[in-house]
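One structure below.
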Amino acid sequence: MEAILTQAKPASTLPLSKQLKLSTHAAHERVDKAIMALSPFANLDGYKRFLTVQYQFQHHTAPLYQQADLCEWLERLEQRCRFNAVKLDAKDLSINQEELNVSLASPPPIDSLAAALGWLYVNEGSNLGAAFLLKSAAQLGLSANFGARHLAPSDSGRGLHWRYFTAQLDALSLSDEQKDQALQGARDAFKFVESLALKNL
Ligand code: HEM
């Protein structure tokens, strides 16, 4: 892993959640740009393109939220899954299942528990920026009850929900190799979302 120096401390001594943020900042910027290129809030067609990306990302990560060994590592992980919410959003907007599954790219494999932590970090983190996206979706008449359920905050609120997730992530005692796998998993996840956005342009 390339050493990323941040002021005095080398990145590898930082908590995993901070290492993930540092090492994926540029990837997040690229995803942000690729999502906005879909003009998700210009009109409903644009939003449907965005929703298709969200559906395919949630479809690929949904099994992780049911995986016993990950649920042992991360308490109440099952309750965080937003795949059902995005399926209901697609139904609200009459996007049929075939359309959603047509261009389901062959997603990159998630081939270790530690890599899965990286994918979960990207999925859970994406709910932070969703605060802004939900506001924009409201201009199209969408809400947490119709068409934009998957952008809604959890009952405990976005901040607390996120901090609880990162605290559990940072409390895991992982080897350096596992931390590298988690970082690569997060990079793969962002790359996958970017490729989905480009595919749905
Ligand atoms: C146009 C779309 C997006 C916007 C405007 C946006 C915006 C944001 C904002 C404002 C934050 C909080 C940053 C902070 O507190 O430091 C954030 C965090 C994050 N976003 Fe996005 N986001 C977008 C799309 C996405 C997507 C599609 C994903 C992944 C699928 C994603 C993954 C993340 C992650 C992982 C974090 C947590 C970073 C951290 O604090 O460690 N974002 N986003």
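A few comments on the model shown:
- Subset of the stretch 140-167 that is in contact (Cβ under 8 Å) with a residue 24 or more places away in the chain and among the aromatic types (Phe, Trp, Tyr) - its residue that is farthest from Leu44 (Cα to Cα): Phe165
- Figure legend. Inter-residue proximity from the stretch 57-81: first residues closer than 21 Å to Ala152 by Cβ, second residues within 15 Å of the ligand (Cβ to nearest atom) and of a type in the set (D, E, K, R), beta-carbon distance below 8 Å, spacing 6+ or different chains. Indicated pairs: Gln58/Arg82; Tyr65/Arg80; Arg80/Glu124.
- Condition met for Val122 (within 16 Å of the ligand (Cβ to nearest atom), open to solvent by less than 70 Å² (accessible area, probe 1.4 Å), over 30 Å from Ser173 (Cβ atoms) and out of contact with any Lys or Arg (no Cβ under 7 Å at 6 or more places or on another chain)): no
- Residues in the stretch 168-192 that are closer than 18 Å to Glu75 by Cβ, in contact (Cβ under 8 Å) with a residue 40 or more places away in the chain and open to solvent by 50 Å² or more (accessible area, probe 1.4 Å): Asp170 only.
- Residues within the stretch 92-127 that are at pLDDT 90 or above and within 17 Å of the chain's Cα centre (by Cα), tallied: 17
- Subset of the stretch 22-46 [open to solvent by 60 Å² or more (accessible area, probe 1.4 Å), in contact (Cβ under 8 Å) with a residue 40 or more places away in the chain and not in a loop (DSSP other than H, G, I, E, B)]: His28, Arg30, Asp32, Leu44
The values are calculated or read from the model by the stated rules, or taken from the named source; none is laboratory data. It should be emphasised that the depicted structure is a prediction, and the values quoted were computed from it without experimental measurement. Glycine gets a Cβ as well: all are built from the backbone with ideal geometry, and neighbour counts include every protein chain shown. Just so you know, the surface numbers come from the protein's heavy atoms only, side chains and all, with ligands and any DNA or RNA stripped out. Shrake-Rupley method; radii C 1.70, N 1.55, O 1.52, S 1.80 Å.
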